[in-house]
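Report on the structure given below.
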Amino acid sequence: MSRSLALAFAGLLLPATAFAQAPDRAAIRKACAADFQANCPGIKPGGGRLAACLKEKRASFSEACLTTLQQARAQRPGG
């Protein structure tokens, strides 16, 4: 479950082509899986639900996760 949450959130940050090729996918999963599992239990991916959970509970997410997500966003085209 934690892997699918992290992958789903990574998909929100990266366009489909970049996500398929992104080396950051593993980094996002490693840095954020526990955070999403702890802070967003039971949230199903899709419809912006994970992004909303992150926005609402951002203060509870680790610096490692937030930094990794920020770096992934900066690497995407137009990011």
*Search segment 54-79 for residues that are touching a residue at least 24 places away in the same chain (Cβ under 8 Å) and more than 11 Å from C32 (Cβ to Cβ) and pair each with any residue that is among the hydrophobic types (A, V, I, L, M, F, W, C) and assigned to a helix (DSSP H, G or I) when their beta-carbon atoms are under 6 Å apart and the residues are at least 6 apart or on different chains.*
R73/L13; R76/A18
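The rows are residues; the columns are (1) modelled with pLDDT of 95 or more; (2) of a type in the set (S, T, N, Q); (3) exposed (fewer than 14 other Cβ atoms within 10 Å of the Cβ); (4) part of a loop (DSSP other than H, G, I, E, B).
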{"residue": "A10", "(1), (2), (3), (4)": "no, no, no, no"}
{"residue": "R25", "(1), (2), (3), (4)": "no, no, no, no"}
{"residue": "I28", "(1), (2), (3), (4)": "no, no, no, no"}
{"residue": "K44", "(1), (2), (3), (4)": "no, no, yes, yes"}
{"residue": "K57", "(1), (2), (3), (4)": "yes, no, no, no"}
{"residue": "T68", "(1), (2), (3), (4)": "no, yes, no, no"}
{"residue": "A74", "(1), (2), (3), (4)": "no, no, yes, no"}
_Every pair of residues 6+ apart whose Cβ atoms lie under 7 Å, when the first sits in segment 25-40 and is closer than 15 Å to A52 by Cβ while the second is of a type in the set (S, T, N, Q) and assigned to a helix (DSSP H, G or I)_ = F36/S2; N39/S60
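The values are calculated or read from the model by the stated rules, or taken from the named source; none is laboratory data. These numbers were taken from a predicted model, which means no experiment stands behind them. Heads up, the Cβs are rebuilt from the backbone with ideal geometry, glycines too, and the neighbour counts pull from every protein chain shown.
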